[in-house]
Each structure stands twice: as structure tokens, then as C-alpha cells.
Amino acid sequence: MTQPYEVFGSCIVFKEVFEDDLGHLFRAGIIAGETLDRVIWLRVFDGAGLPSKAIIASFGEARAIAEAIRGSQLPRHPLFLDADGVPGLGCDYLPGQPLNRVLSRARDEAFPLQPDNTLLIVEKLALALASGESIAVGGNPLAHGFLHPGLVYLSNDGEVLVTGFGLGPTLLGAVGDADAAAGVRAYLAPEALAAGRVSQQADVYSLGAILFHLLTGTALPVNPDERTAALEAAHVAWDGEPLALDIRAVLNRALAPAPSDRFATAAEFRAELERLIYGGAYSPTTFNLALFMDRLFRTEIEEDEVALKLESEIDVRPYIKVEAEQWDRVIERDEPGPDEPSPTAEAIPPAREGGGKRLLWGIIGGAVVIAIAAGVFWIGRGTRPQLPPPVPTPTADEIAAGRQAQDDRLRALTQAMVSEMMAEREEEIRQELIARQTRIVELQRRLQQSEERATQGAAAAASEAATQKKLMAEIEEQEKAQREQEQALETKRREALNEAAEQAATDKATIAGGAAAAADSGPAAGGGREARPVAQEKPTTPPAPTTAPPRPTVAAATTVVQIGEFVSPEDADTLPVVVKSEPLAWPRNAQRSKGKGVVVVQVTVNPSGGVDEVVVLRADHTDWGIPEAAIEAASGYRYKPGTKDGVVISTHAFITWRYDFTQQ
């Protein structure tokens with residue numbers, strides 16, 4: 001019977017998401033035993049001109065790099081798959097889309113990204129590359145080498161993941177193939193195209209090329225000689241205006257033909273982007289990026305939610321059977337020699353029957369011997385007292401390791417309980433907040449239009465007064481409901497944290513009591529015997545690749561993070577996501593000032609998603625009450641908290657407001 005899904009190695013292929021220059025991208029599931037282990041993104045490198053054998057040969061080094069590199073924009077649990085000579089790259093599934101599909105859909109729907117969002121996406125990409133620069137391969141900082149939008153995922157929540165570390169040099173070597181798709185070359189530096197050179201400066205160029213595509217809606221020309229003219233003539237797809245001077249300056253440096261004229265590293269490029277994002281005329285938020293994804297892929301998001309539930313419940317056994325049958329056919333085909341016919345029933349020698357009888361008598365004799373031995377054992381057991389085995393005395397290191405393992409289990413249990421308690425309600429309120437925020441933005445736009453019409457004369461002002469009053473009342477009502485929803489969410493989250501903490505404390509006391517009882521009974525049970533050392537289990541290591549790659553070196557050791565512990569944004573796995581923003585009420589003196597500027601604040605987001613502290617980082621005017629108003633507004637923000645190693649943490653987030661009262 002034909003199965004509804006295809007199989008790729010140990011994966012069930014659920015859905016083809018996109019086809020591009022690199023091959024095909026699927027949503028798939030990993031089979032473990034007789035169950036579905038987890039859902040993954042499956043990138044199959046079957047594009048034209050790609051060297052399958054060379055890609056598979058590079059998996060050893062890529063696997064070693066994946067074990068060493070860490071970062072909030074990097075996928076967890078990467079997989080390197082080989083299905084009958086076809087290479088595949090997998091990672092844990094994050095609901096979202098590959099970046100090249102986002103670009104394609106935005107072009108087709110005439111719904112481009114705003115410049116603020118493009119800067120935020122590339123800043124997150126730069127953060128991922130900067131994480132790679134923290135380790136060394138062959139004595140040099142790690143470079144990606146092939147930053148293509150098909151290897152980047154943009155989640156429905158506005159987060160970014162970068163894959164393909166360790167595969168860049170191999171993929172880069174394929175661009176010169178006559179059959180290779182020309183589209184892959186649009187994101188590569190001139191020296192990478194000409195000499196296949198992998199470097200940090202080439203990665204910076206790829207970041208600039210992706211930023212250019214995000215801003216303008218079109219990729220750079222494939223021919224490097226045509227790119228300077230394309231950059232000079234570029235316009236922003238969002239509003240059709242020429243590139244802003246500050247963005248153009250960043251692009252000119254990132255896309256400089258000479259590597260020495262570019263930013264030296266991705267970290268340096270990211271610092272420049274942060275200067276624009278947090279200290280200039282731009283104010284991107286992950287919330288707005290998530291809202292963009294929701295508007296662009298609403299149908300797919302709803303369909304995928306249903307499909308994921310159905311896929312999680314499928315019976316994987318038929319696919320295991322199909323794979324086993326295929327493997328059996330391979331074995332049967334390999335057993336006979338190249339010129340030998342398959343054995344038939346007539347070809348079996350007559351001696352086979354006698355051999356079967358001898359085997360039967362051998363089994364019976366063995367059973368008799370086992371029965372006699374068992375009888376002797378039980379007779380001896382009944383006449384001789386049995387002493388309990390000696391209890392080994394744990395060492396200080398073993399006790400510390402046991403306590404650490406216990407704390408890790410309790411922390412994981414607490415986090416799982418919080419996630420379970422909050423998941424359903426948090427998602428429900430998040431969707432309501434997105435819809436309500438969209439409504440508020442629309443009402444504010446209509447109010448602004450009404451105010452513009454009112455400036456046309458006294459009669460227009462009179463006719464628009466009632467409309468403005470109605471709109472302001474509805475905005476106030478929506479914002480009030482939004483605050484109530486967020487307060488309910490925060491209350492629910494605090495309750496979940498408290499309940500989980502109480503349960504964890506109870507479990508810890510129970511485990512500690514059991515451990516103490518075991519420790520008290522240990523010496524007595526041992527009867528003063530000499531303690532035997534406990535054999536330490538040797539850690540398992542993955543098989544070494546055929547060609548031993550240089551082992552990446554990690555700069556710092558891993559530490560255990562506690563719930564609510566403060567972690568800097570650079571070290572967090574996921575950053576806080578805005579679920580409710582508070583509008584800034586500009587003071588009357590500021591509105592009359594005819595001033596123009598920016599105010600930037602830093603907030604400390606606690607593990608419940610609330611704001612503990614607000615610090616003003618920049619205020620172009622301090623004498624009109626603007627900093628105080630910004631602090632008050634920022635205090636009302638609510639977030640989905642950041643995480644580190646799966647644990648909710650405290651960390652910083654940033655908010656930027658722009659103001660222009662010159663027209664008032």
C-alpha cells in the first residue's frame with residue numbers, strides 16, 4: 001500500500017515548503033524507535049550543480065562546529081543526513097518561513113518590509129555570525145562562507161535562525177559550476193566568486209547584500225561589476241523614496257568591492273546597525289516584525305497549526321516497515337555473487353536435515369544443563385545466609401554532581417510546569433493583543449487623517465470634531481482593554497511561577513529527604529565492609545569523520561542559569577518580545593516646543609514579562625518632560641520574557657520613540 005508521505009533516511013517528509021537555488025526545503029519528522037521524536041526543518045541540497053559527495057564529506061567538520069558554537073540566533077539540535085548519497089541538513093522546527101520565501105511573498109503581494117524591520121533582521125543575522133567569530137577553526141575565527149537567504153529562517157514571532165555553519169566552503173566551491181543556479185551568486189562577495197575565498201569580510205558583504213534585498217525588494221546583480229550602479233540607483237520598496245543617507249552609508253561600506261574597505265567583522269557591522277536602531281531615527285521591534293509575518297502568512301500559519309497537530313499523531317510504524325523491507329531487499333541482492341544464481345529449494349544439500357536434528361538435541365541438552373545448575377544454585381541459596389552487597393561510599397565530587405543533577409531536574413520540571421500552565425492562555429492573549437494593536441494603529445491613522453482634514457478650514461474642523469472625538473474614545477477603549485488583557489496575562493504568569501516554585505520546593509524536599517535516608521542507611525547496610533569504587537561511565541563520542549577536521553575551540557565554559565537570573569541580551573538564547581506597548585503621552589510643553597528628536601530607554605524585563613527598571617539612554621531634549629514621559633510609558637510595556645538554556649531570565653530590552661513637533 002502506498003504511504004501518504006515520502007521517507008528521507010530516518011525522516012518522514014510531511015510538506016514541501018519551498019524550492020530554490022539550493023534545492024528543496026521540507027517540514028519533516030524524525031523517527032525514533034516506533035514514535036515520532038520531533039518535527040524539523042529539512043533542507044535537501046539537491047539543487048543544480050551542487051556537489052553531493054563533497055557536501056556529505058564536509059558534515060564531519062560541520063557537526064564539530066555545531067557542537068561548539070552557541071547563540072540565540074543559531075538552531076538547536078542540527079542534523080546532518082545522508083539518504084542514498086543525497087545530503088540533507090535538519091534542525092528543530094521553528095514555525096516560520098525561510099527568508100527567501102519571505103522576500104518572494106513580499107514581492108508578489110506588493111507588501112514590502114519597512115526599513116526599521118529590515119535593519120532588525122540583519123542585526124540578528126550579524127549577531128549569529130558574531131557568535132561564530134567567538135570560536136576558532138584552524139587557528140582562524142569561524143566564518144560562515146555562504147550566507148544565503150535559503151539558509152536563514154524568520155519565525156512567526158520575529159526571531160531569526162542562521163544555519164549552514166561549516167558547509168560554506170563546500171557550497172562556495174560549487175558556484176563556478178556551469179549548471180549551478182545563478183541566483184546563489186547575488187549574495188556573495190566578489191573575491192568569494194573569483195577565488196572561492198571564505199573570510200569574515202566576505203560574510204559582511206553577504207550581510208550587506210541581504211540588507212539591500214530586504215530594503216529594495218530586489219537582489220543585487222549577479223555580475224559584481226554591475227552592483228555599484230545598482231546601489232547608486234536604489235530606492236526603498238516600502239515608500240519608493242531614495243535610500244536614507246545613514247542607511248546608504250552603511251550599505252556602501254558593507255558592499256565595498258575591496259575587503260579592506262568593509263567592516264572588519266560581523267560584530268563590528270552589528271555595532272553600527274545597533275547605533276542606527278537604538279540611537280537614530282529608527283525604532284524597530286520584534287513585535288512589529290511578528291505582525292508583518294502574521295499579515296503576510298496568516299493563511300499558512302493557520303494551516304500549519306492544524307497540520308502539525310495531525311502530523312504529531314500519525315502512526316510511524318508503516319514507514320519503519322517500508323524502510324526495513326527496502327533494507328532487506330538490498331541485503332538479499334548483495335548475498336549472492338555477481339555471477340551466481342539465487343539458491344532454490346532444490347539446491348539445499350540433504351545434510352541440512354540432519355544438521356537440524358543435531359541442533360535440536362543440542363538445545364535440549366543445554367536446557368538440561370541449565371536446569372541442573374539452577375537447582376544447585378537454589379539449594380545452596382537455601383542453606384547459606386546471603387549478605388547484602390556492600391554499599392559504595394560516595395565521594396564529595398559524586399555528591400556534588402548528584403545535587404547538581406537534582407537541581408537541573410527540578411529546574412527543568414519547574415520550567416516545564418510554567419510552560420504548560422502558560423502556553424494555551426499566553427497564545428490566546430497574544431493573538432488578541434496582535435488584533436487589538438492592529439486596530440489601534442488603524443484608528444490612530446484615521447485620527448491623523450481627520451486632523452489633517454480639519455486643518456483645511458473652520459468648516460472642515462467643525463465637521464471633523466465629532467469624528468475625532470469618536471476615534472479618540474475608541475482608541476482609549478481599545479488601549480484600556482489591552483492593558484486589562486496584559487494585566488490578566490501577567491497575573492496568570494506570576495501564579496504559574498509561584499505554583500511551579502512551590503511544587504519544585506516540595507519535590508526538592510522529598511528528594512532531599514529520600515537522599516538523607518539513603519545516606520543514613522548506607523553505612524549500616526555496608527556492615528563495615530571496604531567500599532568498592534564506582535565505575536565512572538565513559539562519555540560517548542560521535543564517530544570521527546573520515547578526514548579529521550580541525551576541532552573548534554570554545555572561549556568560555558558553560559554555566560548553569562537560574563530562573564529569574566539576569567543575563568545580558570548578547571548571551572540570551574531568546575530576547576524579550578513585546579506583547580503590549582504603552583503609547584507615550586507627550587507633555588504639552590513638548591508639543592508646543594517645535595522640537596524634533598529621539599528618546600531611547602533601556603528596560604529590565606523580569607521573568608514574568610514586566611518591567612523592573614527603566615533607564616534613559618538618550619534624550620535629545622531634557623527640559624520639556626520628555627524623559628519622564630518616556631519612563632512612564634516604558635513602565636507600562638509587557639513582554640514575553642527572554643530565555644537562556646530553556647529557563648526564563650531577566651534581561652534588557654530597548655525602546656525608541658521619535659518625535660517631531662515642528663508642524664504643530
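When Ala194 is evaluated against the numbered criteria (1) in contact with an Asp or Glu (Cβ under 7 Å, 6 or more places away or on another chain); (2) part of a helix (DSSP H, G or I), which criterion, by number, is the only one it fails?
(1)
Can you spot a residue in region 170-180 that is assigned to a loop (DSSP other than H, G, I, E, B), touching a Lys or Arg at 6+ places or on another chain (Cβ under 8 Å) and surrounded by fewer than 21 Cβ atoms within 10 Å (Cβ to Cβ)?
Within region 170-180, the subset assigned to a loop (DSSP other than H, G, I, E, B) is 173-180.
Now drop any that are not touching a Lys or Arg at 6+ places or on another chain (Cβ under 8 Å), which leaves 175.
Those left that are additionally surrounded by fewer than 21 Cβ atoms within 10 Å (Cβ to Cβ): 175.
Within region 170-180 (the criterion being assigned to a loop (DSSP other than H, G, I, E, B), touching a Lys or Arg at 6+ places or on another chain (Cβ under 8 Å) and surrounded by fewer than 21 Cβ atoms within 10 Å (Cβ to Cβ)), the answer is yes, since at least one residue qualifies.
Can you say whether Thr299 is over 27 Å from the mean Cα position of the chain (by Cα), part of a helix (DSSP H, G or I) and either at pLDDT below 95 or not assigned by TED's automatic domain parsing to the domain that holds Lys640 (or both), as far as the supplied structure shows?
Numbers: over 27 Å from the mean Cα position of the chain (by Cα): no; part of a helix (DSSP H, G or I): yes; either at pLDDT below 95 or not assigned by TED's automatic domain parsing to the domain that holds Lys640 (or both): yes.
When the stated conditions are applied, Thr299 does not pass them.
Report yes if some residue within region 30-40 is closer than 18 Å to Pro75 by Cα, touching a Phe, Trp or Tyr at 6+ places or on another chain (Cβ under 6 Å) and not β-branched (Val, Ile, Thr); otherwise report no.
no
Please enumerate the residues belonging to region 74-108 that are surrounded by fewer than 17 Cβ atoms within 10 Å (Cβ to Cβ), within 22 Å of the chain's Cα centre (by Cα) and in a strand (DSSP E or B).
Listed by number, the list holds a single entry, Asp92.
The values are calculated or read from the model by the stated rules, or taken from the named source; none is laboratory data. Everything numeric in this text was worked out from a predicted model, so none of it was measured. Please note: Cβ atoms are built from the backbone with ideal geometry, for glycine as well, and neighbour counts cover all protein chains shown.
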